[in-house]
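Structure record follows, encoded as structure tokens.
Values in this text are rule-based calculations from the coordinates and carry no lab data. Everything quoted here is computed from the prediction, not taken from an experiment. Reconstructed Cβ throughout: ideal geometry from the backbone, glycine too, with neighbour counts over all protein chains shown.
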Amino acid sequence: MVKKLPLERIIHNQGFGARKLCRLMVWNNEITVNGAPCDDPNAEFDLENLLYTVRGEEWSYREKSYLMLNKPSDYECSHKTQHHPTVYSLLPHPLVVRDVQCIGRLDEDTTGLILMSDDGQFIHRMSSPKHKVPKMYEVTCKHPVDDEQIAHILKGVQLIDEDAPIAALACTRVNEHTLHMTLTEGKYHQVKRMIAAISNRVEGLKRIQIGELKLPDDLEVGDWRWLTASDMAKLGVI
Ligand code: URA
């Protein structure tokens, strides 16, 4: 079924502001649709493959937003931050208006892959402990890590405030001080606490993979991009 909506509503529900403001933007010739200017807020457009520009910036119509961000250090994953800027300041404003949320939080000094979305079902699918989505971290440790410590992490370490020992799904050494560690839960400071439990200390932490989706080498620190169909398949959702 072809789904059509008036331009004013399209611009509004894509996050460009109140209906009245969106109407004014259309009247002001600030919008083009599929390559042609349109100054009629009531003109209806098919939403499928809809391309539009707002003040010269290109957008495609998206019912829901799915994106990845390469989080820099010294950014916080919350709206009400305490010491550092919010990761939401790295996104275009319309995505924030659409209430795109981080799927799981990284500490302020952790870098790397964060998924973000405004689709509640997707957020639940990716974050619910029931689904055990694996997340891989590159962990730089203060002291060299030996085989016994890796075996301990794989067998399970007892963390304060946890009923039972917690094990990593996988843990391999990249070099003397660096591990690749995969977890299926997202407990508070989990990597740092697990590394502390083997008498070591995390000096650098980067999330490099979620499910089968790797942090792309060409996504600069602080940049974001839309998730592609192939990314979604690697997350196991299509
Ligand atoms: N584990 C941590 O300790 N910190 C993070 O940011 C993510 C996992």
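Annotation for R19 and C38: the two label points, set 7 Å from Cα along the Cα-Cβ direction, are 1.7 nm apart. Just so you know, the averaged projected area of the alpha carbon convex hull for the stretch 134-210 sits at 4.4 nm². What is the distance in Å between the Cα centres of the stretch 160-174 and the stretch 31-48? About 53 Å separates the Cα centre of the stretch 160-174 from the one of the stretch 31-48. For the chain, what class follows from the C-alpha gyration tensor (a ≥ b ≥ c being the square roots of its eigenvalues): rounded when a/c is under 1.5, otherwise prolate if a/b is larger than b/c, else oblate? Since a/c reaches 1.5 and a/b is larger than b/c, the shape of the chain is classed as prolate.
Each 10 Å bin from zero holds the following percent of Cα-Cα pairs in the stretch 4-60: 27, 67, 6. Which of R125, R55, R98 moves most in a GNM of the chain, Cα contacts under 10 Å? Highest fluctuation of the listed residues: R55. Okay, which of the stretch 79-115 sit inside 11 Å, backbone N to the point 7 Å along the Cα-Cβ direction of D218? Once the point is set 7 Å along Cα→Cβ of D218, nothing inside the stretch 79-115 turns out to lie under 11 Å by backbone N. Cross-linked pairs K187/K234; K142/K234; K4/K132: Cα-Cα separations exceed 31 Å for K142/K234; K4/K132.
Compactness of the stretch 29-87 was expressed as the Cα radius of gyration divided by 2.2 N^0.38 Å, which yields 1.65.
Quick check: pseudo-label points 7 Å beyond the Cα along Cα→Cβ at N28 and T172, how many nm apart are they? Placing both labels 7 Å beyond Cα along the Cβ direction yields 5.4 nm.
In terms of the Cα gyration tensor, with a ≥ b ≥ c the square roots of its eigenvalues, is the stretch 92-139 rounded because a/c is under 1.5, prolate because a/b exceeds b/c, or oblate? Oblate, since a/c reaches 1.5 and b/c is not below a/b.
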